[in-house]
Amino acid sequence: MDFSFTDTQVLQRESIVEFARRELNDKVRENDQAGGFPLENWRKCADMGLLSLLTPEIYGGLGEDLVTTANSLEALSYGCEDSGLVHAIVTQLCCIVLINLYGSPAQKERYLPELSSGGMIAAQSITEPDAGSDVLSMRTRIEGDGAGWLLSGGKVFISNGPLADIIIVFARCGAGKSAFGEISCFLVEKTAAGYSMGKPLQKMGLRTLQNCEMFFDSVGVGEEMLLGKNGHGMFIFNEGIEWERALMTAAHLGTLERVLGKSISYVKTRKQFGKEIGKNQSLSNKIGTMKLNLELGKLILYKMAWLKDQGKRATLEASLGKLFVSESLKSACLDAIQIHGGYGYMQECDLERDLRDSVAATIYSGTSEMQRNIIARMLGI
Amino acid sequence: MQDDAKLIEFIKTDLARGKVTGKLGANDDLIETEILDSLGIMKLILFLENNYAVKISDEDLTLENFTSIMSINSLIQRKRAAQGA
Ligand SMILES: Cc1cc2nc3c(=O)[nH]c(=O)nc-3n(C[C@H](O)[C@H](O)[C@H](O)COP(=O)(O)OP(=O)(O)OC[C@H]3O[C@@H](n4cnc5c(N)ncnc54)[C@H](O)[C@@H]3O)c2cc1C
């Protein structure tokens, strides 16, 4: 067993952290308050190669494995304080993964280079108003035959939705109650007739990330837009969600490490009762827990990344990692605010934003309760 | 036969979780009876790959291959034959 990163991975990490600190943290607080998407920073990330990490070289990407990609995303969210932007990037990578795994050669040629250069933005459209955790009970329907389908229904909370040029939509293609063979996956371009979206949703956190409702009113979809095989949506979803949980976990770990670093610096400089506040075990214990969770989170993250790189399934590991790291991040943000006292509660400290951002991590990509259900199921309970 | 018993035991204890009270027949529909759901299929694939030394590919993921114990068994036999096991 080898726990070390290669020299290239170490250098990559350093250069991404340096890039993120230098280029991406300029107006994070203002952007959070205004709620707009930082398009210029998105472009900088694309130029840095962050959108093309998982894209094969023949489509203009870096063709990295998941271990390297996770390491890069950790570095990005460690250096970049705009978690909304990082989430948008992770969403783009998830879409790239799905198109790369299941797309036809024509689909890959059309979309992968553009998505990897940031010229096109993608979204995954799965959740519906009545199908959240029970997502495979979705009602958005795709009807017709191979000559042409019509897509009808509505989706909600879709990240990157308001900006998306291309949308990966999951819809029910059969009449049965099971998800088996009854769900298909399609690509829909923003210009498709019958497609529309709601206004960007106002959120508690991750405000630079853009989310919206989507409406499909008999959108015509040709066979060339089917992603994977007809009726294979459930398998595509299952595979995609493992990648998504790994990528999100990497991003959450970077933030956790940043919050930890900030807390350590503060307890070493802030003095009360004539001594550094970190000398009080009630605070240093909180920091110890953050460090413990960071290290344990890395172990499970890189195990799942390694499994995926071996072409193996990582359903259990993905749920363990997603659950543990998202909950650890939320606790770490709360503890960090406590450690910073009144200053921690002020916007200028930025920790309140990290906390607001972190709450969503325990909801998207499957809530913490659902991760616990999956873990129990995987253990045969 | 022994393979069958192992598979049936796994389906009854790990997947059906109380949904099968009597005997599980070789032709019983695992999907209609909701024994096999979206998470169950992931568990089943892992079980097959770990216990029968087969690799289930995307091509194998069809409804027909997983509707019953019989169809799962014949998938395993076909995979093994193809792998030369
Ligand atoms: C910031 C953000 C970004 C998102 N981005 C996307 C996106 O890009 N694409 C997309 O398709 N979706 C996206 N979502 C949607 C997200 O995946 C869903 O919100 C999530 O799956 C939960 O569904 P829900 O909101 O309908 O909650 P519900 O499913 O209604 O859950 C409500 C509560 O009930 C609990 N619960 C439900 N069922 C069970 C159960 N069986 N056992 C125990 N507890 C249960 C849940 O854990 C939760 O606490 C995003 C959400 C957020 C917040």
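The values are calculated or read from the model by the stated rules, or taken from the named source; none is laboratory data. Just so it is clear, the model here is predicted, and its values are computed rather than measured. As a convention, Cβ positions derive from the backbone with ideal geometry for all residues, glycine included, and neighbour counts pool all protein chains shown.
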message: For the stretch A:112-157, give me each residue that is farther than 30 Å from A:LEU50 by Cα, away from the ligand (no atom under 15 Å from the Cβ) and assigned to a loop (DSSP other than H, G, I, E, B).
response: A:GLY146, A:ALA147
message: Out of the strands (runs of 3 or more DSSP E) lying entirely within the stretch A:174-233, which hold 2 or more residues that are within 21 Å of B:LEU61 (Cβ to Cβ) and modelled with pLDDT of 95 or more?
response: A:183-189
message: Quick check on this structure: which one of A:ARG353, A:ARG313 is within 14 Å of another protein chain (Cβ to nearest Cβ) and of a type outside the set (Val, Ile, Thr)?
response: A:ARG313
message: Among the listed residues A:ARG22, A:ARG13, identify the single one that is touching a helix residue (DSSP H, G or I) at 6+ places or on another chain (Cβ under 7 Å) and among the basic types (Lys, Arg).
response: A:ARG13
task: Can you give me the number of residues within the stretch A:234-272 that are outside any helix (DSSP H, G or I) and of a type outside the set (Lys, Arg)?
output: 1
task: Please determine, by comparing only the residues of the stretch A:158-177 that are hydrophobic (A, V, I, L, M, F, W, C) and in contact (Cβ under 8 Å) with a residue 60 or more places away in the chain, which one is farthest from the ligand (Cβ to nearest atom).
output: A:CYS173
message: Any residue in the stretch A:352-381 that is in contact (Cβ under 8 Å) with a residue 60 or more places away in the chain and within 11 Å of the ligand (Cβ to nearest atom) sitting within a Cβ distance under 6 Å of a residue that is of a type in the set (Ser, Thr, Tyr) and not in a loop (DSSP other than H, G, I, E, B)? List the pairs, counting only those 6 or more apart or interchain.
response: A:ASP357/A:SER83; A:ALA361/A:SER326
- prompt: Do the conditions hold for A:ARG313, that is, is it outside the structural domain of A:ASN25 (by TED's automatic domain parsing) and not in a helix (DSSP H, G or I)?
  reply: yes
- request: For the stretch A:327-339, state whether one or more residues are assigned by TED's automatic domain parsing to the domain that holds A:VAL259, within 16 Å of the ligand (Cβ to nearest atom) and in contact with an Asp or Glu (Cβ under 9 Å, 6 or more places away or on another chain).
  value: yes
message: From the list A:SER326, A:SER365, exactly one residue is in a loop (DSSP other than H, G, I, E, B), buried (at least 18 other Cβ atoms within 10 Å of the Cβ) and away from chain B (no Cβ under 14 Å). Which is it?
response: A:SER365
